[in-house]
Amino acid sequence: MIVAERKPFNEIKEMLKDYKKVLTIGCGTCVAVCLAGGEKEVEILNSELIIARKIDKDPIVTGAFTVERQCDMEFLSELDAKVDEYDALLSMACGAGIQFLAERFPDIPVFPAVDTSFIGVNRDVGWYEEKCRACGNCVLGMTAGICPVTMCAKNLFNGPCGGTNSGSCEIDPDQPCAWFKIYERLASQNRLDNIIEICPPTDWRNQKPRTIMQPVYKERILA
Ligand code: SF4
Ligand code: SF4
């Protein structure tokens, strides 16, 4: 899932200082799971805004609405009849959702309430860990399911480097060396031949926004 963190309150308040009626829009999927931008977080943020602006003697009217996914136009259409009542939209979705919202309502200023952090996993309630940087060329099959792009400080596809030290990375003794872990897991699976083979330079595919069209839908999309 996409993991995000709510922005510091004062940053959000500053962005909205010129607006009197703001619709705060949550997203019911990734950011709800990581407790950054779901229905509950929308209510909490609105309450904070109302109180802070009241104290400043500059009251604000807030609306609240949470769609299932802001990265899906089908769900954004639920907002069509609501947004005209507001002079700004505050999105609690990830960067993709915020941009899709801004694309759907180009005449209304859209502001981000969260910082999109990474693609990660849910270790425990309130504890998330980065696992993937969407490189577009997944090598997990070769690396025993450990991502060298995310976990290795140098994003090495052929490791370890000379900085590995008793299982730790040279950048920080508390940071495990990705390639030490890859070695250990491959060894336990009797697959060490995977790291003896040199991995060729990666064809990085993230210099421009990427798109994917599933083949069965391609004809329809391009029609
Ligand atoms: S190699 Fe790592 S960054 Fe690339 S797709 Fe796989 S998990 Fe994601
Ligand atoms: S010590 Fe290991 S994790 Fe750190 S940069 Fe070198 S190979 Fe990557």
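Each reported figure results from applying straightforward, stated rules to the coordinates on display, with no laboratory input. A quick note: this is a predicted structure, and the numbers were derived from the prediction, not measured. Every residue, glycine as well, gets a Cβ built from its backbone with ideal geometry; the counts of neighbours run over all protein chains shown.
Extension gain, Arg210-Glu68: 0.36 nm per intervening residue step, less the Cα-Cα distance, totals 48.8 nm. Testing the spin-label approximation: label points 7 Å from Cα along Cα→Cβ at Met142 and Asp107. State their distance in nm. Distance between the two pseudo-spin positions: 5.2 nm. Extension gain, Asp58 to Cys132, is 22.3 nm, computed as 0.36 nm per intervening residue step minus the present C-alpha separation. Selection among Ile55, Ser117, Asn10 by position relative to the dipole of segment 2-119 gives Ile55 as farthest towards the positive end (Cβ unit charges, Cα centre).
If each residue's Cβ is checked for other Cβ atoms within 10 Å, how do Ile25, Ile2, Ile108 rank with the fewest at the top?
Working: Ile25 29, Ile2 22, Ile108 15.
Listed from fewest to most nearby Cβ atoms, that is Ile108, Ile2, Ile25.
Computed from Cα atoms alone, the Kirkwood hydrodynamic radius reported for the chain is 20.3 Å.
Between rounded, prolate and oblate, where does segment 93-145 land on the alpha carbon gyration tensor, with a ≥ b ≥ c its root eigenvalues, rounded for a/c under 1.5, else prolate if a/b exceeds b/c? The shape class here is oblate. Among rounded, prolate and oblate, which fits segment 144-223 when a ≥ b ≥ c are the square roots of the eigenvalues of its C-alpha gyration tensor, a/c under 1.5 means rounded, and a/b larger than b/c means prolate? Here segment 144-223 falls in the prolate category.
Please tell me which of these pairs span more than 21 angstrom C-alpha to C-alpha: Lys21/Lys82; Lys13/Lys131; Lys7/Lys154; Lys131/Lys181?
Lys13/Lys131; Lys7/Lys154
Rounded if a/c is under 1.5, else prolate if a/b beats b/c, else oblate: with a ≥ b ≥ c from the C-alpha gyration tensor eigenvalues square-rooted, which is segment 2-119? The shape class here is oblate.
Helix-only arithmetic for the chain: the sum of -39500 (n - 2.57) across DSSP H runs with n ≥ 4, divided by the residue total, places the mean residue ellipticity at 222 nm at -8000 deg cm²/dmol.
Taking 7 Å steps out from each Cα toward its Cβ at Arg185 and Asn122 produces label points 2.1 nm apart. Placing R0 at 25 angstrom, the Cβ-Cβ distance between Lys40 and Ala153 gives a FRET efficiency of 0.10 after rounding to 0.05. Simple point charges give the picture: +1 on the Cβ of Lys and Arg, -1 on the Cβ of Asp and Glu, and for the chain a dipole about the Cα centre of about 320 debye. For the chain, complete DSSP H runs whose alpha carbons reach 24 Å or more along their own long axis and whose mean Kyte-Doolittle score is -0.5 or higher are 39-55.
Of the peptides 124-135, 90-101, 177-188, the ranking by mean beta-carbon count within 10 Å, highest at the top, reads 90-101, 177-188, 124-135. Placing +1 on the Cβ of every Lys and Arg and -1 on the Cβ of every Asp and Glu, with nothing else charged, gives segment 135-223 a dipole about its Cα centre of roughly 500 debye. Compute the FRET efficiency between Ile50 and Asp172 as 1/(1 + (r/R0)^6), taking r as their Cβ-Cβ distance and R0 = 45 Å, and round to the nearest 0.05. Computed FRET efficiency for Ile50 and Asp172 comes out at 0.60. For the chain, give me the percentage of DSSP beta bridges that are antiparallel, rounded to the nearest 5 percent. Roughly 50 percent of the beta bridges in the chain run antiparallel, per DSSP.
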